[in-house]
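Here's a structure for you.
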Amino acid sequence: MFDKYKNLIFLISICVLGSGSISAMAQLDDPMRPPGHRLFVPGQKKSSASVRYTVSMVQISSLRRTAIVNNRLVEVGDVVSGAEILGIYPSSVKLRKKGKTFTVKLLSRRIKKRQ
């Protein structure tokens, strides 16, 4: 009789054991994730007080200044995660949120210049 239900028992045990490992995998740190990146866990509310800002790219030309802030391409005047972009500089971005002004530095210190 056990042989009759062997496959069913095996399938149920895999599902039970596998569901625990999925939530455990969500807790693991990914070494390829950029610094400051936060993993979104379903059911977790995003708090505006815990918003972190990261600048991963700055591009300045004679025509425009752009940056990638929190994985979004922005220009001066844009709003990202509730903060207005006030200025884009070669190694930082100046922002204002709720009347407070702050500067976020570029992740990398290497600045590529036109040759």
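Calculate, axis by axis, the spread of Cα positions in segment 48-105 along the three principal axes, and write the results as whole Å, longest axis first.
35, 20, 16
Additional query: Estimate the FRET efficiency between THR103 and ARG64 by the formula 1/(1 + (r/R0)^6), using the beta-carbon distance for r and 22 Å for R0, to the nearest 0.05. Don't skip to the end; give the middle numbers.
On the way: r = 20 Å, r/R0 = 0.91.
After rounding, the FRET efficiency stands at 0.65.
Among 57-68, 77-88, what's the highest-first ranking by average C-beta atoms within 10 angstrom per residue?
77-88, 57-68
Once amide H atoms are placed 1.01 Å from N in the peptide plane, what residues at a sequence separation of 5 or more from GLY87, or on another chain, have their amide H within under 5 Å of its amide H?
LYS94
Full extension from LYS6 to SER56: what is 0.36 nm times the residue separation minus their Cα-Cα distance, to one decimal in nm?
Additional length available on full extension: 12.7 nm.
Rule-based calculations on the coordinates, nothing more; no lab input. Predicted model only: the values in this text are computed from it and were never measured. Every residue, glycine among them, receives a Cβ derived from its backbone with ideal geometry; neighbour counts consider all protein chains shown.
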